[in-house]
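Quick note: the coordinates plus some simple rules give every number you see, no bench work behind them. This structure is a prediction, so every number in the text was calculated from the model and none was measured. Quick reminder, even Gly has a Cβ in these numbers, built from the backbone with ideal geometry, and neighbours come from all protein chains shown.
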């Protein structure tokens, strides 16, 4: 739940300060919907599949975060109908915010 809230909050901030300038017709509710879908689509793999497959912590972090950014960018692209570059930046920013804040609060690193 923390990941979902953190990523959606970051997506909203990102929408307010950046996406809104380039895609003014993008609806706020569509962004929140996309945030839920992306988070719930990748979270099980990042938390439950990759830790079993990858035992070294650094490789687990790199592979799982790269996976999340790419898959979530694709989902954002199809749901939000904005440019790929915007989707990748949005996905990257949301995932790094979630990872960074989670690492600080829960001591994952």
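Here are a few things to note about the model shown:
- Tilt relative to the chain, helix 28-44 - C-alpha long axis, 0 to 90 degrees, to 10: 20 degrees
- Distance from region 59-109 to region 1-51 (C-alpha centre basis), Å: 9 Å
- Compactness check for region 67-109: Cα Rg over 2.2 N^0.38 Å is 1.29.
- Gyration tensor verdict on region 7-62 (Cα atoms; rounded if a/c is under 1.5, prolate if a/b is larger than b/c, oblate otherwise): prolate
- Most to least packed among 76-82, 42-48, 7-13, 89-95 [average Cβ atoms within 10 Å]: 89-95, 7-13, 76-82, 42-48
- Sum of -39500 (n - 2.57) over DSSP H runs of 4+, divided by residues of the chain (222 nm, nearest 500): -24500 deg cm²/dmol
- Compactness of region 14-109 is given as radius of gyration and Dmax, 14.1, 44 Å, from Cα positions.
- Between 0 and 90 degrees, the angle of helix 57-80 with respect to the longest Cα principal axis of the chain falls at about 20 degrees.
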